[in-house]
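Each reported figure results from applying straightforward, stated rules to the coordinates on display, with no laboratory input. On a predicted model such as this, the values are computed, not experimentally measured, just so you know. With ideal geometry, Cβ positions are generated from the backbone for all residues, glycine too; neighbour counts draw on all protein chains shown.
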Amino acid sequence: MPQKFSELGSTLNRREWLNRIGGGLGGIALAELLGRETATQAAGILGGTHFAPKAKRVIYLFQSGAPSQLDLYDRKPLLVEKHGQQLPDSVRGGQRLTGMSANQSSIPLAGSPFQFAQHGQSGQWLSELLPEAAKVADELCVIRSMYTESINHGPGVTFMQSGSQIPGRPSIGAWLDYGLGSDNQNLPSFVVLITKNKGGQPLMSHLWGSGFLASQHQGVRFRPSADPILYLNNPAGVSPENRRAVLDGLRELHEHQFAGTPDAEINNRIANYEMAFAMQSSVPEVTDLAQEPQHIFDLYGSDAKDPGTFAANCLLARRLAERGVKFIQLYHQDWDHHGGLPGAITNECRQTDKPAAALIADLKQRGMLDETLVIWGGEFGRTNYCQGLMTANNFGRDHHPRCFSIWMAGGGIKPGTSYGETCEYGYNIVKDPVHIHDLHATMLHLLGIDHERLTYKFQGRRYRLTDVHGHVVDGILA
C-alpha cells in the first residue's frame, strides 16, 4: 500500500514544511470541491428539472441498420398494386440516390409481401411480422413521419445518438447525466447493452461517449460475460480490503497532485474509481437474471435465459430501470436489408418482437411504464423501390432518409395513437414531419428539461443536444 504522507519523516526543512502545508490546504480544497461535485453529480448541472417531468428514465431500443417501415408499420396498398412498375419521377422529385442504386437502369416499386391488420381499440396498423407488438398496440404511439438528412449509416446512427452527424458530440445519455445527474450511488446512470453475435454496420464507442463533456458522463457498456464490465473485478489474489486500501492511497496521491495542479479532471478520476468500487457488488446482482421467476422468462421468450440476446437485454433493461438507471441504450444490429429482405427482416422480427412487447407489458404490470419512456427505431428508413434484382420471392430496399417510422410508449406519450403521414407511395411526408432534433426535444421535455436551456460552452459557443433546431411534438404528448 502507498505510504501515507502523514507518515513521512518528521524532520522538515522550510521547503518541505511549505509543501506539507500546501498539500494540506490542497486536500481541504479538494474535499470541499468534491463535496460540491458530489452534490452536482446527484442533481446534475441543472440542479433539478425545469418543470415537472412525465418520465424518470428512458429505455431506447435502437435498431441499427434501419428497419423497413414499409414492411412493419407504414401500410401502403398502392405499392402492392403497382409492384414491379417504375418509381414515378414526380414522386422521387429529383432526390439523390445512394451509390448502391444510383446506377440502376430500372427502379421498380416493391410492395410489401407481408399482410397488415389493425389491432387494439386504437386500430393500429401493424405488419404480420409483429404479432407480439399487436398485443400492446394500444400502448404504442407510432410516428410514421420521421426524417433525417443522413443517407449513410455512420452519420445516420451518430445523428440519432448525439444530434450531430459528426462524431465528437455528447450522446443523449451523457447529456442527461450531465443535466440531471444520477438517481443512485451504486450503478452508472447511463448503461449500454448490445445484442451479441450480430453482423451489420459496426457500432463505435463514440455513440455512447461524452464528447466534450467530462468523461464521467459517458455510457458504461455491460457485456454478456462473467465480467460484465471490463477490468471491474479484482485480479486473482486481491481482496476487497486490499482494493479499498489501494483506492484510499490513490485518493491521497490525487489530493497531493491537486495541491500543485488544481485540475477538475482529478475529481472525475476519483469519482470513476469510487463508482467502479461500488459496482463490484451492484453489477453482479443486477445482471444475475437467474433471480427472475419462470413466468418472466416465458413473457420475454426463451432467449431471455441466454445473456447477450436481445431478449435478455430487454429483461436486464427492466432490472436496471428498477434500480434507478436513467438512460438504458440497447443496440440490435443487422437491419440493413439491401437484398434478401423478406427472409432477413422476418428473422430480425423473430428476435425482437416478443422481447420489446414483453418489456412494455412487464413495465406496465409493475407500475413503471408511466414513468419510463420506451423508444424503438433505427437511423433512417428504406426505399419503396427495389435495390438490385427483383425476383418473384426476393428483393431489397436501399437507404431512405425522407421518411421512416419509430414508436414510443409510456413516460407521458399518448398511447394508442399514430402520428404523421406519408404519401400513398411511402416516399414523402405529407403530414406532421418530425425531425431528429424534434424527437430529442420531445424526449428531453418528457424528462422535465427545456432543450434550449441544457447547454455546454465549448470552444467559444454553447452547444446543446438539439443544436440550434428542434421543437417539442405536442401532438404525441398525453
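Based on alpha-carbon positions alone, could you give the equivalent ellipsoid semi-axes of the chain from the gyration tensor, as √(5λ), descending, whole Å?
Equivalent ellipsoid semi-axes, largest first: 47, 24, 20 Å.
Say the cut-off is 24 Å between C-alpha atoms; which of K196/K364; K135/K414; K135/K364; K56/K414; K196/K354 go over it?
With Cα atoms farther than 24 Å apart: K196/K364.
Between the stretch 413-478 and the stretch 101-128, what is the separation of their alpha carbon centroids in Å?
Between the Cα centres of the stretch 413-478 and the stretch 101-128 lies a distance of 25 Å.
Run the dipole for the chain about the Cα centre, Lys and Arg Cβ at +1, Asp and Glu Cβ at -1, nothing else charged, and hand back the magnitude in debye, nearest 20.
My answer is approximately 640 debye.
Once the other residues with Cβ under 9 Å from the Cβ of L447 are scored (Lys, Arg +1; Asp, Glu -1), what is the net sum?
Neighbour charge sum, excluding L447 itself: +4.
For the chain, what does the helix formula give at 222 nm: sum of -39500 (n - 2.57) over DSSP H segments with n ≥ 4, over the residue count, nearest 500 deg cm²/dmol?
Calculated from helices alone, the mean residue ellipticity at 222 nm is -11000 deg cm²/dmol.
What FRET efficiency, computed as 1/(1 + (r/R0)^6) with R0 = 25 Å and r the Cβ-Cβ distance, is obtained for Q185 and R223, rounded to the nearest 0.05?
Taking R0 as 25 Å, the efficiency between Q185 and R223 is 0.65.
Is the shape of the stretch 172-275 rounded, prolate or oblate, going by the alpha carbon gyration tensor and its root eigenvalues a ≥ b ≥ c, with a/c under 1.5 for rounded and a/b larger than b/c for prolate?
Oblate, since a/c reaches 1.5 and b/c is not below a/b.
Find the relative contact order for the chain and round it to a whole percent, using C-alpha pairs within less than 8 Å whose residues are 6+ positions apart.
28
Any chance you could check the Cα centroid distance between the stretch 315-338 and the stretch 226-256 for me, in angstrom?
Cα centroid of the stretch 315-338 versus Cα centroid of the stretch 226-256: 29 Å apart.
Which percent, nearest 5, of DSSP beta bridges in the stretch 80-227 are antiparallel?
55
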